[in-house]
Amino acid sequence: MSASKKVKRDTKKIFLKKGPCSRAFFYILDREFGYLKEDEERASDPLCGGIMQTGHQCGMLWGSTLAVGAESFRRHDDHEQAIGVAITTTQHLMGSFLKMARSVDCRDITNCDFLSKFSLLKYFLFGKVVVCVKLAEKWAPEAIRTATEGLSHEQNDLTQPPMSCASEVAKKMGASDEEMVMVSGFAGGLGLSGNACGALSAAIWMNTLDRRRHPGRSANPNPDAKKTLKTFYDATDSEILCHKICRRRFKTIDDHTEFIKNGGCDELIDVLTRA
């Protein structure tokens, strides 16, 4: 059996066993790289369904990005290089996924509003979940190939130490160096794409990870995640898209770094860390 066929076969089993697509793809790539991280993988559950089931970027992308960040940290002693490689590899993952699914957003792929109980019921009762399973089987080998290839290149085009809005949020929430690199690909709405806020997802993941590591505190569902999302919406007038919040799109990592260095998202980062 070819490696691609084996991955496809295993993906369906993993997808059905792990549950949330974000955790499933975090696990699939972690397994490929030879390092499993159960707490971190489970903490990605709230990113399923496009961030708290709001329908934005597919959870497969959030989970894959976290795995790429973790592997980039292991491969690079220079954490700045690790952040740069993680962001660029995430961009490649976004391109690969878009080419296959024709959208990066959960709501477009599933044609489902997961915040509606009726829509959610239809998703499971009428077999729409099969759409996700088939996409997962189809994309998994490509995700592994894209991630492996992206991580094999050095980031030599940076003119300054790279910064990630997501990493800055994680840092203020007490993240380790590894955790800061793990979320770095969330920058600028996931790989600088301008989609739903990566800093928000980093805050939700960090908070859920903290609950996972403290016995007696439920991690899923995480009641604080809803509070974080509400606080975020209050601060952004219910806007979640990075390019609308920042009023610009980031063409390069340096472009994003300059924006963060100059305080472009300081207020929002403070709001998220306090939440």
Original post:
According to the Cα gyration tensor, what semi-axes, each the square root of 5 times an eigenvalue, does the equivalent ellipsoid of region 151-275 have, listed from largest to smallest in whole Å?
Top reply: 25, 18, 11
Subject >> region 1-79 versus region 115-133: alpha-carbon centroid distance in Å >> reply: 21 Å
Original post:
Convex hull volume of the Cα atoms in region 121-200, per residue, in Å³?
Top reply: 145 Å³
Original post:
More than 36 Å apart: what percent of Cα pairs in region 3-274 qualify?
Top reply: 7 percent
Original post:
How large is the dipole of the chain about the Cα centre if only Lys and Arg carry +1 and Asp and Glu carry -1, each at its Cβ, rounded to the nearest 20 debye?
Top reply: 1560 debye
Subject >> Over the chain, relative contact order from alpha-carbon pairs under 8 Å, at least 6 apart, % >> reply: 21 percent
Original post:
Hey, can you rank 231-240, 14-23 by average C-beta count inside 10 Å, highest first?
Top reply: 14-23, 231-240
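Only the coordinates and a few stated rules stand behind these numbers; no lab work does. The structure presented is a predicted model; accordingly, all values stated were derived computationally and were not measured. Using ideal geometry, Cβ is built from the backbone for each residue, glycine included, and neighbour counts are taken over all protein chains shown.
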